[in-house]
Amino acid sequence: MQTIVGWHVDLEFEEVDKKTRAACMLRLPDGTEMRARGHATRHPDDPEQLRVGEEVAAARALNALSRELMQKAGHDIEEVTHVQAHPTM
């Protein structure tokens, strides 16, 4: 049996001067919402490239989200098995 499930991650950016902030949100099929944030600061000598700041801030936010999701998976495993789980990336 094959099951196809889709997850959507929303990313929003805020850019002020040399700082870019990213906020991401993942909604799981069970209704759980997971959120994380990331940031980037442009060096004063670097040219203004908004896209690069967004990429760095998004990567950091998604990295934080992936760590949270891994912790949740470990907790979910432990609830079923009653054995301490050690999921790693």
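When you look at residue 52, is it loosely packed, with under 10 Cβ neighbours inside 10 Å, free of Cβ contacts under 8 Å to residues at least 40 places away in the same chain and assigned to a helix (DSSP H, G or I), yes or no? No, not satisfied. Among the numbered conditions (1) more than 18 Å from the chain's Cα centre (by Cα); (2) surrounded by 14 or more Cβ atoms within 10 Å (Cβ to Cβ), the only one that residue 80 does not meet is (2).
Apart from one condition, residue 86 fits all of (1) over 13 Å from the mean Cα position of the chain (by Cα); (2) surrounded by 14 or more Cβ atoms within 10 Å (Cβ to Cβ); the exception is (2). The residue list 40, 64, 57 contains one member that is closer than 18 Å to residue 8 by Cβ and either out of contact with any Pro (no Cβ under 6 Å at 6 or more places or on another chain) or not small (Gly, Ala, Ser) (or both), which is 64. In this structure, does residue 33 turn out to be of a type in the set (D, E, K, R) and closer than 25 Å to residue 89 by Cβ? Here the answer is yes, as residue 33 does meet what is asked. The selection criterion, being in contact (Cβ under 8 Å) with a residue 24 or more places away in the chain and touching a strand residue (DSSP E or B) at 6+ places or on another chain (Cβ under 7 Å), does not hold for residue 42.
A short reminder: the numbers here are calculations on the coordinates, not readings from a lab. If you're wondering where the values come from, they're calculated on a predicted model, not measured in any experiment. Using ideal geometry, Cβ is built from the backbone for each residue, glycine included, and neighbour counts are taken over all protein chains shown.
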